[in-house]
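So the structure is just underneath, and the comments pick up after that.
The values are calculated or read from the model by the stated rules, or taken from the named source; none is laboratory data. Bear in mind the structure is a predicted one, so any value in this text is a computation, not a measurement. Cβ: placed from backbone, ideal geometry, glycine included. Neighbour counts: every protein chain shown.
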Amino acid sequence: MKLTSLKLDRGVSTLVGVVVFALVFLLAASFLISYIARLTQFSLTLSNEIQGKAKNELIVKAVSGYWRLKNGTVEINLTSNYPEAILITAVVIVYEDGSYVIASQYGVEPIETQILKCVEPCLNALSNTSLPIPLNTGHQLSILVKGVTPQEVRSVILTLSTPYTSLTLPLNRVSV
C-alpha cells in the first residue's frame with residue numbers, strides 16, 4: 001500500500017512539475033515573441049525615417065527655384081526634376097523685422113496667391129489659383145503672391161509635400 005501511494009505522489013509531483021515547466025516556457029516564449037515584434041516595429045520605423053530623410057535630400061536637389069519682388073508682388077519661379085509629383089502646400093514670406101505672412105490651403109493669412117504661368121509640359125488641371133499647387137516632373141512653374149506689404153522681404157520659403165514626406169525649401173533671391 002505504501003508503495004502505491006509513493007508512486008502516486010511521484011506521478012502527481014511529476015505532473016505538477018511538467019505543468020509549471022510548460023507555463024514558464026510559454027511565458028518566456030511569449031515575452032520573446034513580444035520583444036522581437038517590438039524590435040521589428042522599431043526597425044521599420046527607423047528605416048522609414050531614414051528613407052524619408054533620403055527623399056528630402058533628393059527633393060531639395062531636384063527642385064530649383066528663385067524669387068523676386070516687383071511692386072508688392074512676389075514672383076516665385078520653380079523647376080522640378082523629381083520623378084514624382086510634388087505639392088506646394090504653403091508659401092512663407094519673412095520680412096527684415098522678423099514678421100512673416102503665410103499663404104496656405106488653410107488661409108492662415110489673407111494674401112492672394114495665383115499661378116502666373118506653367119511652362120510646358122503643363123496640364124490643363126493646373127489652372128486653379130489656390131494652394132496646394134502640383135509641381136510635376138519637368139515642369140516649370142511661376143507663382144505670384146500678391147498683397148505683400150512694401151517693407152523689405154528677407155526670404156521666401158516653400159513647404160513641399162509628397163505622399164511620403166514634407167519639407168521646407170528656402171529660395172534664393174534674384175534682382176529685378
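Remarks
- Listed conditions (1) at pLDDT 85 or above; (2) farther than 30 Å from GLU49 by Cβ; (3) surrounded by 15 or more Cβ atoms within 10 Å (Cβ to Cβ) are all met by LEU78, apart from (2).
- All positions within the stretch 81-109 that are at pLDDT below 85, assigned to a loop (DSSP other than H, G, I, E, B) and of a type in the set (A, V, I, L, M): VAL108
- Any hit, the stretch 3-15, residues being in contact with a Ser or Thr (Cβ under 7 Å, 6 or more places away or on another chain) and at pLDDT below 85: no
- Residues of the stretch 129-140 satisfying the condition of being part of a strand (DSSP E or B) and buried (at least 20 other Cβ atoms within 10 Å of the Cβ): ILE133, LEU135
- Subset of the stretch 141-176 [among the hydroxyl-bearing types (Ser, Thr, Tyr) and either outside any loop (DSSP other than H, G, I, E, B) or closer than 26 Å to PRO83 by Cα (or both)]: SER142, SER155, THR159, SER161, THR162, TYR164, THR165, SER166, THR168
- Of residues in the stretch 147-161 being surrounded by fewer than 17 Cβ atoms within 10 Å (Cβ to Cβ) and modelled with pLDDT of 85 or more, the one nearest to the chain's Cα centre (by Cα): SER161
- Single residue of the stretch 56-75 satisfying the filter (buried (at least 17 other Cβ atoms within 10 Å of the Cβ), of a type outside the set (D, E, K, R) and farther than 17 Å from SER161 by Cβ) that is modelled with the highest pLDDT: TRP67
- Members of the stretch 54-76 found to be out of contact with any Phe, Trp or Tyr (no Cβ under 9 Å at 6 or more places or on another chain) and either touching a residue at least 40 places away in the same chain (Cβ under 8 Å) or on the phi > 0 side of the Ramachandran plot (or both), listed by number: ASN56, VAL60, GLY65, TYR66, TRP67, ARG68, LEU69, LYS70, ASN71, GLY72, THR73
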